[in-house]
1. Filter region 113-144 down to the residues that are more than 16 Å from ligand 2 (Cβ to nearest atom) and in contact with a Pro (Cβ under 7 Å, 6 or more places away or on another chain), then identify the one that is farthest from Arg72 (Cα to Cα).
2. Would you confirm whether or not region 73-88 contains a residue that is under 13 Å from Asn26 (Cβ atoms) and in contact (Cβ under 8 Å) with a residue 12 or more places away in the chain?
3. With respect to Pro187, determine if the residue is at pLDDT below 95 and farther than 24 Å from Lys116 by Cβ.
4. What residue, of Pro193, Pro157, is modelled with pLDDT under 95 and either closer than 25 Å to Asp87 by Cα or buried (at least 20 other Cβ atoms within 10 Å of the Cβ) (or both)?
Amino acid sequence: MAAPLMQLFFFAFAILLNSKAMVCTNIEVDALVVFKQGLSDPNNILASWDPNIVDPCTWIAVTCNQNNQVTRLDLVDKNLDGNLVPDLGKLEYLQYLELYENKIRGTIPVEFGNLKNLIAMDLHGNNLTGSIPSLLGNIKSLKILLLNDNRLSGQIPREVLNLPNIQILNATNNNVAGTTIVTRNGPADNIHPTSMATPSLGLLKFLFLLPVVSIFVSI
Ligand SMILES: *[C@@H]1O[C@H](CO)[C@@H](O)[C@H](O)[C@H]1NC(C)=O
Ligand SMILES: *[C@@H]1O[C@H](CO)[C@@H](O)[C@H](O)[C@H]1NC(C)=O
């Protein structure tokens, strides 16, 4: 009685293993392809984004670390029209999300709060609507959050205003009420750093300027 049952279990286990192997694709490739599929890209900037490639590190606009994990996405002023997708929240090693000056519409996915290593999120100069997700307050590493020149509404959530490392948060030129801009420690870091330079000097400046905290409130 037991032997056929065991065989059945092994059979089921083998199928499970096999199906797992078959869906073993790159999470980051999948996430970026979902983003691409929702975009209109009139200049065909994303032509190199081939879903059949093993990892996305050779794709234009994508930068990886030594472990082939995506650390930057730079698509600036590329005439991209479409929506942000929750899938981008799966890029867990992402440090720079630079999508400014396009025609990106819709809301900022709450899943962006999962981007635990993000240093800069620059979405300014798009056509984003809805409110700023309070879950962005989970990104403790975030220094730069530029949402200015969109059509966002509501208020900047308290969790976001309280981000421990924020240096500049700009949500002016939206329909955002209350505080729309926060700057701390002056321009300690370049707003659009183009390389992963070691931040030793910036960190030093940051430590010395720590008491010099200024918050500008505009209504
Ligand atoms: C933003 O969206 C509105 C409504 O769809 C549209 O009329 C406007 O041209 C868009 N602006 C930009 C900069 O894409
Ligand atoms: C914030 O955004 C507004 C609107 O684009 C811009 O005029 C202003 O210079 C920005 N402020 C800072 C401190 O970057």
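The values are calculated or read from the model by the stated rules, or taken from the named source; none is laboratory data. Since this is a predicted model, take the numbers as computed values, not measurements. Virtual Cβ from ideal backbone geometry, glycine too; neighbours counted across all protein chains shown.
1. Within region 113-144, the match that is farthest from Arg72 (Cα to Cα) is Ser134.
2. If we filter region 73-88 for residues that are under 13 Å from Asn26 (Cβ atoms), which is where we start, we get 87.
From the residues that got through so far, the ones that are in contact (Cβ under 8 Å) with a residue 12 or more places away in the chain too are 87.
For region 73-88, residues under 13 Å from Asn26 (Cβ atoms) and in contact (Cβ under 8 Å) with a residue 12 or more places away in the chain: present.
3. Details: at pLDDT below 95: yes; farther than 24 Å from Lys116 by Cβ: yes.
For Pro187, the condition - at pLDDT below 95 and farther than 24 Å from Lys116 by Cβ - is met.
4. Pro193
Residue-wise test of (1) among the basic types (Lys, Arg); (2) more than 16 Å from ligand 1 (Cβ to nearest atom); (3) under 10 Å from the mean Cα position of the chain (by Cα).
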| site | (1), (2), (3) |
| --- | --- |
| Leu88 | no, yes, yes |
| Leu91 | no, yes, yes |
| Glu98 | no, yes, yes |
| Lys103 | yes, no, no |
| Glu111 | no, yes, yes |
| Asn114 | no, yes, yes |
| Leu123 | no, no, yes |
| Thr129 | no, no, no |
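The rows are residues; the columns are (1) within 20 Å of Asn102 (Cβ to Cβ); (2) touching a Phe, Trp or Tyr at 6+ places or on another chain (Cβ under 8 Å); (3) among the small types (Gly, Ala, Ser).
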position: Leu142; (1), (2), (3): no, no, no
position: Asn150; (1), (2), (3): yes, no, no
position: Gly154; (1), (2), (3): no, no, yes
position: Arg158; (1), (2), (3): no, no, no
position: Asn162; (1), (2), (3): no, no, no
position: Ile166; (1), (2), (3): no, no, no
position: Thr172; (1), (2), (3): yes, no, no
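A quick yes/no check of all residues on (1) over 18 Å from Asp122 (Cα atoms); (2) out of contact with any Phe, Trp or Tyr (no Cβ under 8 Å at 6 or more places or on another chain):
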residue	(1), (2)
Ile27	yes, yes
Asp30	yes, yes
Gln37	yes, yes
Ser40	yes, yes
Ile45	yes, yes
Ser48	yes, no
Ala61	no, yes
Val70	no, no
Lys78	no, yes
